[in-house]
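Each value in this text was obtained by applying a stated rule to the coordinates, not by laboratory testing. It should be emphasised that the depicted structure is a prediction, and the values quoted were computed from it without experimental measurement. All Cβ positions, even for glycine, are placed from backbone atoms using ideal geometry, and neighbour counts span all protein chains on display.
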Ligand code: FES
């Protein structure tokens, strides 16, 4: 049976496998589609909508939408990039993101996306929410100020670590990530080897005693914009 699906992204013919998401098919073809809640090791969640593309003119999330033969996907166009920029701005103002004081600065996917999209100061009003910190665990602390509700930690702990350390509670503006112990992270069975410990795209889950081991200016996105690894692959493939 032929499992090949041919479709186009920004006018480029892309060959994908039946059932593959548009995001994964694009990456395999060396085309970067900005994304945030998606992660290669996790089941797609489709919550952030940063990966929005137009499919035959209508917006969809590329991480959850499977490829179909002949679809026309627009990713690098003004309409889509304006949607992404607005989402990224909303994520910044909805939490308390003080990049200049954050240990994740330079390794933060949200910050890197803001730079990629030329967002240097949000135009939307800040909400300055009151968020909790949990420094009870000997190895990690959780800073709710920086959480963007991407559910990477929730999915990693549940689907890879098999622990369910993290869950969402509340709804709407009151939604937040919490842990499966009323007395804090120290009373969970989270440990350093957990996938959930390394998968936060922002500085909401931080490891203790390794802060600034790599100096600011020498970190991942200080060197190259987010997405460069995929775009470089495209160039090296000719
Ligand atoms: Fe697709 Fe978040 S990356 S919805």
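Results, tabulated for the structure shown:
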| item | result |
| --- | --- |
| For region 67-136: Kirkwood Rh in Å [reciprocal of mean 1/r, alpha carbons] | 14.3 Å |
| Rounded tilt (10° steps) of 78-94 against the dominant C-alpha axis of the chain | 0 degrees |
| Neighbour-count ranking [beta-carbon atoms within 10 angstrom, fewest first] of 72, 205 | 72, 205 |
| Efficiency of FRET between residue 15 and residue 164 - r from beta-carbon atoms, R0 25 angstrom, step 0.05 | 0.05 |
| Under 14 Å from the residue 186 label point (7 Å along Cα→beta-carbon), backbone N, region 109-136 | 134-136 |
| FRET efficiency for residue 128 and residue 78, using Cβ-Cβ distance with R0 set to 35 Å, rounded to 0.05 | 0.65 |
| Alpha carbon centroid spacing (whole Å) that separates region 13-49 from region 142-204 | 23 Å |
| Residue 176-residue 136 pseudo-label distance in nm [points 7 Å out on the Cα-to-Cβ vector] | 1.3 nm |
| Share of alpha-carbon pairs per 10 Å distance bin for the chain, given as whole % | 7, 29, 35, 22, 7, 0 |
| Estimated [θ] at 222 nm from DSSP helical runs (n ≥ 4, -39500 (n - 2.57)) normalised by residues in the chain, nearest 500 | -5500 deg cm²/dmol |
| Burial ordering of 165, 53, 93, fewest other beta-carbon atoms within 10 Å first | 93, 165, 53 |
| Debye intensity ratio I(q)/I(0), log10, region 100-214, q values 0.17, 0.22 Å⁻¹ (C-alpha model) | -0.89, -1.39 |
